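Structure record follows, encoded as structure tokens.
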Amino acid sequence: MTQHFLLSAKARTLSLVKVMRMTDDEAYDAFKAIRWADNDGEAICPRCGCAEAYEYRARKIFKCKGCERQFSATTDTIFASRKMAIRDLLAAIAIFTNGAKGYSALQLSRDLDCQYKTAFVLAHKLREAMGAEMTKRTVKGKVEIDAAYFGGYVKPENRKEDRKDLRRTENQSGKRKAVIVMRERQGKTLAYVAGSEREGLPEIVRRVETGSHVYADESSNWDALHGMFNVGRINHSVEFANEDVCTNQAESFFSRLRRAEIGTHHHISGAYLQSYANEMAWREDYRRVSNGEQFAMIVGAALAHGVSRQWKGYWQR
Ligand SMILES: [Zn+2]
């Protein structure tokens with residue numbers, strides 16, 4: 001399994017400096033070791049699953065002994081039809097990994113001296129791979145639930161008498177979205193983008209397992225959760241925690257997402273909010289894992305992930 005390689009000492013020592021010192025061949029071998037971790041880095045045909053292949057080392061391609069088709073180390077992965085050299089690709093992932101508050105495509109394009117568009121698509125492909133493990137996830141046990149609003153900022157008028165009440169729906173841009181988080185205590189995080197807290201309720205019912213203990217704040221939108229779960233409510237205007245009733249871990253997820261929005265991206269479009277929320281959920285869940293391991297996990301997730309339907313040939317459309 002991929003996990004074996006990721007937990008090995010070899011995986012833990014991967015770093016940006018090491019990547020940049022690699023020769024093309026060393027980078028290629030590291031890439032293969034992650035892609036085919038469960039076969040000691042030896043190629044497995046992506047078409048028929050045959051583990052015997054001829055290797056054309058100079059052209060960096062393989063020919064399957066079973067079905068005789070040719071493939072490369074990136075065939076059927078998110079990096080298929082890549083234009084970047086493998087070492088640069090690994091360096092890009094190492095840089096992206098180290099951005100605890102996320103990493104902007106503009107900065108990545110400067111670091112790598114590549115086009116903005118290339119960096120933009122690469123970063124989104126990595127987010128897609130990181131988010132893949134969350135798409136079918138459910139959470140259970142002690143689960144904190146909270147929501148925060150992102151996007152749709154309306155700049156207040158200069159003069160006080162011209163200002164509108166921005167709390168009223170008709171004065172908002174209509175682009176504001178709620179990110180709802182369901183976070184297991186000492187466990188996994190699940191983020192879901194909805195139009196409002198109330199619109200997110202069905203997803204909470206789908207993704208939080210029956211019998212779970214749910215913790216939420218005083219917002220009346222969460223009243224509906226009573227009767228479905230064992231619910232503990234905390235009134236934030238009175239206190240932040242009452243014994244173990246609190247939403248502090250949900251809050252720390254929002255703190256990371258908010259810092260990514262304000263400090264890194266400055267603006268997050270509603271269309272991509274779910275991807276950024278997934279990225280930050282991933283970063284929260286693996287925050288105690290060394291950055292070398294995180295790096296190997298992201299490369300591993302990207303290589304295990306099929307060709308991206310959303311991002312393949314994005315700029316050609
Ligand atoms: Zn084959």
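The values are calculated or read from the model by the stated rules, or taken from the named source; none is laboratory data. No experiment lies behind these values; they were computed from the predicted model shown. Cβ coordinates were reconstructed from backbone atoms using ideal geometry, including for glycine residues, and neighbour counts include every protein chain displayed. Only protein heavy atoms, including side chains, enter the accessible area calculation; ligands, DNA and RNA are left aside. Shrake-Rupley method; radii C 1.70, N 1.55, O 1.52, S 1.80 Å.
Data table
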read-out: In segment 236-254, residue least open to solvent (accessible area, probe 1.4 Å) [restricted to those that are without any contact (Cβ under 8 Å) to a residue 60 or more places away in the chain and aliphatic (A, V, I, L, M)]; value: 245
read-out: Residues of segment 13-50 classified as closer than 20 Å to residue 90 by Cα and within 16 Å of the ligand (Cβ to nearest atom), total; value: 4
read-out: Within segment 200-221, considering residues that are touching a Phe, Trp or Tyr at 6+ places or on another chain (Cβ under 7 Å) and without any contact (Cβ under 8 Å) to a residue 60 or more places away in the chain, the one surrounded by the fewest Cβ atoms within 10 Å (Cβ to Cβ); value: 203
read-out: Check on residue 197, touching a residue at least 12 places away in the same chain (Cβ under 8 Å) and under 16 Å from residue 138 (Cβ atoms); value: no
read-out: Count - residues of segment 255-304 that are outside any helix (DSSP H, G or I), among the β-branched types (Val, Ile, Thr) and without any contact (Cβ under 8 Å) to a residue 40 or more places away in the chain; value: 1
read-out: Residue selected from segment 174-198 under the condition out of contact with any strand residue (DSSP E or B) (no Cβ under 6 Å at 6 or more places or on another chain) and open to solvent by less than 60 Å² (accessible area, probe 1.4 Å), by the criterion nearest to residue 215 (Cα to Cα); value: 187
read-out: Selection from segment 16-44 of residues that are open to solvent by less than 40 Å² (accessible area, probe 1.4 Å) and either touching a residue at least 12 places away in the same chain (Cβ under 8 Å) or in contact with a strand residue (DSSP E or B) (Cβ under 7 Å, 6 or more places away or on another chain) (or both); value: 19, 22, 27, 28, 30, 31, 32, 33, 34, 37, 41, 43
